[in-house]
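One structure is given below, encoded as structure tokens.
Read the figures in this text as sums done on the coordinates, not as results from a lab. This structure is a prediction, so every number in the text was calculated from the model and none was measured. Cβ coordinates were reconstructed from backbone atoms using ideal geometry, including for glycine residues, and neighbour counts include every protein chain displayed.
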Amino acid sequence: MSKQLKYKLKKTLKKAEFVHADLEYHKELSGEAIKGFQDEVNRLVDLLTDEQKKEIQRFVDEHVAQKRAVKAEKEASAQNTDPIETSDCTDIVCTDLEPEPNSPNIGSEEGPTKIHELKKLFRRIAEQTHPDKVRASGFSDKEVARLEQIFMRAKVAYDHENWYILYSIALDLGLEIPDPSNLQIQWIEDDIHQTLGRIAKVAQLTAWQWYIGNELQKNMALKHFFMQSYGFDHPDL
């Protein structure tokens, strides 16, 4: 491996490790954030008068009715639409549409190459961690449980075509891995991009903004929620 490639790999792995740790942080705390936010919303609702609660309920009922009407209209429109004679679309595939930018590169060299490399790496990991193998190897119950968890993590990574996770697991297991190519480093960078997107989705939640905010930001998040969800300007916010 060239010195340039070696340090590019090291830098990319460190960045991937950081963003995955950040994702884990957001995932672990998002449940607490949502529960805490909902508890605060319930507390504020309890402070309202019966008439104010009825006002909120009327808004919610109207909003639900509107959504149902829009859904029914879309379904009726879809049923009344004549088939498009010029399209090769079926229920399963539409051959006249191009793949999404982030979808597997069907028919390209990178798609099959990545799948092939993922499969090879997953099989090597499975040789050491598959539940059937480890149970028959005389390991302690604790070691069996540890290896089974690794296998399940590798299986999820393989199913989602996540090269970084599989590569990291292989390194942790001490497997001898050929030096990665620039293309494989690009796969790790692709994973970083996707992981940052998942973090952004959590960070955009109103409950998350409330959870991490100061008192002013918490009040603004709650005020925004009441206006958006209930059409109501809470007097205590």
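What dipole magnitude, in Debye to the nearest 20, does the chain give about its Cα centre under +1 on Lys/Arg Cβ and -1 on Asp/Glu Cβ?
Details: 32 positive and 41 negative charges, 225 e Å.
So the magnitude is around 1080 debye.
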* Structure fact -> Rounded to two decimals, the Rg over Rh value of the chain from Cα coordinates and the Kirkwood Rh reads 1.10
* To do: Please find, in a Gaussian network model of the chain (springs between Cα atoms separated by less than 10 Å), the residue of ARG124, ARG58, ARG68 whose mean-square fluctuation is greatest.
  => ARG68
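Over all directions, what mean area does the Cα convex hull of region 136-237 project, stated in square nanometres? Please report the intermediate quantities before stating the final value.
Working: hull surface 46.1 nm².
Reported value for the Cα convex hull: 11.5 nm².
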* Structure fact -> Subtracting the Cα-Cα distance of GLN204 and GLU24 from 0.36 nm times their residue separation yields 63.2 nm
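Report the extension gain between MET220 and VAL70 in nm, rounded to one decimal, defined as 0.36 nm multiplied by the number of residues separating them, less their alpha carbon distance. Mind showing how you got there, number by number?
Numbers: separation 150, 0.36 × 150 = 54.00 nm, distance 3.01 nm.
Working it through step by step, the gained length comes to 51.0 nm.
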* To the nearest 500 deg cm²/dmol, what mean residue ellipticity at 222 nm is calculated for the chain from DSSP H runs of n ≥ 4 alone, each contributing -39,500 (n - 2.57), summed and divided by the residues? -> -25000 deg cm²/dmol
* Helix 182-203 versus the longest principal axis of the chain: what is the Cα-based angle in degrees, 0 to 90, to the nearest 10? -> 20
* Quick one: helix 3-46 against the long Cα principal axis of the chain, what's the angle to the nearest 10°, folded into 0 to 90? -> 30
* Given +1 on the Cβ of Lys and Arg, -1 on the Cβ of Asp and Glu, and no further charges, what dipole in debye does region 102-180 carry about its Cα centre, rounded to the nearest 20? -> 240
* For the Cα atoms of the chain, what angle does the longest principal axis make with the long axis of helix 50-80, in degrees from 0 to 90, nearest 10? -> 60
* Which residue, SER77, SER140, SER181, tops the fluctuation ranking in a GNM of the chain built on C-alpha contacts under 10 Å? -> SER77
* To do: Name the residue farthest towards the positive end of the dipole of the chain from the options MET227, THR49, GLN128, assuming +1 on Cβ of Lys and Arg, -1 on Cβ of Asp and Glu, about the Cα centre.
  => GLN128
* To do: Beyond 27 Å between alpha-carbons counts as too far, so tell me which of LYS11/LYS201; LYS11/LYS133; LYS14/LYS142; LYS74/LYS155; LYS114/LYS155 fall in that bin.
  => LYS11/LYS133; LYS14/LYS142; LYS74/LYS155
* Structure fact -> Simple SL model, points at 7 angstrom along Cα→Cβ for SER2 and ARG146; separation in nm is 3.9
* Cα-Cα pairs of region 102-180 separated by more than 18 Å (percent) -> 43
